[in-house]
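The values are calculated or read from the model by the stated rules, or taken from the named source; none is laboratory data. Because the structure is predicted, anything quoted here is derived from the model rather than measured. Note that each Cβ is placed from the backbone with ideal geometry, even for glycine, and that neighbours are counted across all protein chains shown. To get the accessible areas, we keep the full protein, side chains included, count just its heavy atoms, and leave off ligands, DNA and RNA. Shrake-Rupley method; radii C 1.70, N 1.55, O 1.52, S 1.80 Å.
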Amino acid sequence: MKTVATRYALPLRALHWATVAVIAVVYLVAEFRGYLPREGGQRALAMQWHMFLGLFVLLLVLPRIGLRLVQPAPPILPPPARLLRWAALATHLLLYAFLIAQPVLGLITAQSAERAVAIPMTDWALPALVGRDPGLHETAEELHEWLGTAFYFVIGLHAAAALWHHFAVRDNTLRRMV
Ligand code: HEM
Ligand code: HEM
């Protein structure tokens, strides 16, 4: 008899929550870097961490997508209405697209302005994948900032939906991810 999974596979759950934690730090550093003094290199170091951890997000999402393609999501019980299922799928696809696009745009923003993307507190810097290009820099920077703001709302909606399922509908949506 085939058993039906009641939770996402462990690697998928681990990758989901690791991504949430890393994104939280990446956002915090971006938002609060302005309070750090420019002198002494503290602000620059904070940005190095922003960039390094931002790229780490990309490293987490690629195997996650691969795994997800071979490991289906466990069923939600009781099953939500069809429209809600489509809305959830659309939000999840948007989130995956963001997890790829935002780090890539960040990398283009930095490297098109000849800003080194290094492992913080080491001399190791990523080779320049993008050359100096002021026009590209401006476009990528604007998109990176715009997406950064827009996804506060998408992520907020996603988290609110998970809590609504858990506390109001009282189905197993959230329990499948913990
Ligand atoms: C998922 C990952 C990432 C998120 C959520 C994110 C988010 C943000 C946010 C919210 C800002 C502040 C925008 C503003 O000042 O309004 C920012 C700025 C910035 N990010 Fe990222 N970022 C990510 C990854 C990266 C990566 C991987 C790099 C580079 C390798 C990068 C480079 C930058 C740079 C250079 C700025 C400053 C732009 C400026 O001059 O204002 N980011 N990011
Ligand atoms: C940076 C923030 C977050 C990102 C980028 C994110 C991303 C994602 C993605 C892409 C999925 C789809 C998984 C799949 O089926 O392939 C997902 C599922 C899920 N997430 Fe998040 N998530 C975030 C924060 C949260 C938070 C804060 C919560 C809880 C309050 C949460 C709860 C869930 C749940 C319960 C699912 C399963 C939904 C379902 O199968 O219908 N997520 N998340």
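Tabulated results
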| read-out | value |
| --- | --- |
| Qualifying residue in region 129-137 (condition: assigned to a helix (DSSP H, G or I) and surrounded by 12 or more Cβ atoms within 10 Å (Cβ to Cβ)) | yes |
| Conditions (1) surrounded by 14 or more Cβ atoms within 10 Å (Cβ to Cβ); (2) under 17 Å from Ile23 (Cβ atoms); (3) more than 12 Å from ligand 1 (Cβ to nearest atom): number failed by Arg176 | (2) |
| Residue in region 15-32 that is over 23 Å from Trp146 (Cβ atoms) and away from ligand 1 (no atom under 16 Å from the Cβ) present | no |
| Tabulated pairs, region 44-71, first of a type in the set (Val, Ile, Thr), second open to solvent by 40 Å² or more (accessible area, probe 1.4 Å), C-beta under 8 angstrom, 6+ apart or interchain | Val61/Tyr96; Val61/Ile100; Ile65/Tyr96 |
| Some residue of region 114-127 being within 14 Å of ligand 1 (Cβ to nearest atom) and β-branched (Val, Ile, Thr) | yes |
| Pair list, Cβ < 6 Å and 6+ apart or interchain, from region 142-158 residues that are closer than 13 Å to Ala97 by Cβ and touching a residue at least 24 places away in the same chain (Cβ under 8 Å) to residues that are within 10 Å of ligand 2 (Cβ to nearest atom) and of a type in the set (A, V, I, L, M) | Val154/Leu94 |
| Residues located in region 33-45, provided they are part of a helix (DSSP H, G or I), more than 17 Å from Glu145 (Cα to Cα) and not polar (S, T, N, Q) | Tyr35, Glu39, Gly40, Gly41, Arg43, Ala44, Leu45 |
| Test result for Ala118, aliphatic (A, V, I, L, M) and within 20 Å of Leu15 (Cα to Cα) | no |
| Test: Leu94 is touching a residue at least 40 places away in the same chain (Cβ under 8 Å), open to solvent by 30 Å² or more (accessible area, probe 1.4 Å), under 20 Å from the mean Cα position of the chain (by Cα) and within 13 Å of ligand 2 (Cβ to nearest atom) | yes |
| Residues of region 53-80 classified as open to solvent by 70 Å² or more (accessible area, probe 1.4 Å) and part of a helix (DSSP H, G or I), total | 6 |
| Every residue from region 1-16 that is without any contact (Cβ under 8 Å) to a residue 60 or more places away in the chain and assigned to a helix (DSSP H, G or I) | Leu10, Pro11, Leu12, Ala14, Leu15 |
| Region 38-51 - residue that is out of contact with any Gly (no Cβ under 7 Å at 6 or more places or on another chain) and open to solvent by less than 70 Å² (accessible area, probe 1.4 Å) and, of those, nearest to Thr19 (Cα to Cα) | His50 |
